[in-house]
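To start, the structure under review is shown below, and the notes come after it.
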Amino acid sequence: MTRLAVRILLASAIVFTIGCDHATKHIAATRLAGMATQSFLGDTIRLQYAENPGGFLSLGADLPPAFRTGVFTVGTGIALLALTIAALRLRWTGWPLVGLTLFVAGGASNWMDRVARGSVVDFINVGIGDLRTGIFNVADMALMIGVIIVVIAEVRRIVGTEPDTPPPQVPD
């Protein structure tokens, strides 16, 4: 696959992830806000509107607003930019680049919400009985899938099961 084709595919993944995330958040804000929790598949999936001013699982939601803005808006923006620059400089390819693309797309989508609204709209909760996830959104799914892809690719690289990994060199 040519470099141009790879760039187009990665850019498309970013646009699709952000577009899907923002579209579903808009639907959640217009159809779920102020409504009772909606339950599906025997209460395995719940849809409920929540605004999260904090980070993952609302961590930091109770921080003073200025500090929270610094951490979750400025800090996240710098971290996403640094990850993108590092991937370009290190010339990431293959699955690690796909994982990083999803991670950055999800992070950027949530970051845009924080810049525009000061919080992120979450609306999905899954689980069985009392064993449930926190409330999350499509961008969070992209983030987690991206992390999983990078971790699996890195583990495969370390243990030498990655197909393009050269065999270990035997010292003379």
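Rule-based calculations on the coordinates, nothing more; no lab input. All figures in this text were calculated on a predicted structure; none of them were measured in a lab. Heads up, the Cβs are rebuilt from the backbone with ideal geometry, glycines too, and the neighbour counts pull from every protein chain shown.
Structure data summary
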item: Neighbour-count order for 111, 92, fewest beta carbons within 10 angstrom listed first; result: 92, 111
item: The chain - mean residue ellipticity at 222 nm from DSSP helices (-39,500 (n - 2.57) per run, n ≥ 4, rounded to 500); result: -18500 deg cm²/dmol
item: Ranked 130, 113, criterion: other C-beta atoms within 10 Å, fewest first; result: 130, 113
item: Loop-located trypsin sites (Lys or Arg not before Pro) in the range 1-106, at most 16 other Cβ atoms within 10 Å (DSSP); result: 91
item: Nearest-20 debye value, the chain charge dipole, Cβ charges on Lys, Arg, Asp, Glu; result: 420 debye
item: Taking N as its residue count, the alpha carbon Rg of the range 1-110 over 2.2 N^0.38 Å; result: 1.32
item: Estimated vicinal HN-Hα couplings, Hz - the range 82-97 in sequence order (Karplus 6.51, -1.76, 1.60; Gly, Pro = x); result: 5, 4, 5, 5, 4, 5, 5, 5, 7, 6, 4, 9, x, 4, x, 5
item: Efficiency of FRET between residue 26 and residue 57 - r from beta-carbon atoms, R0 22 angstrom, step 0.05; result: 0.40
item: Separation between Cα centres of the range 54-74 and the range 88-134, rounded to whole Å; result: 16 Å
item: Cα-based shape type of the range 40-158, given that a ≥ b ≥ c are square roots of the gyration tensor eigenvalues and the cut on a/c is 1.5; result: oblate
item: Residue 130 paired with residue 90, simple spin-label distance in nm, labels 7 Å along Cα-to-beta-carbon; result: 4.1 nm
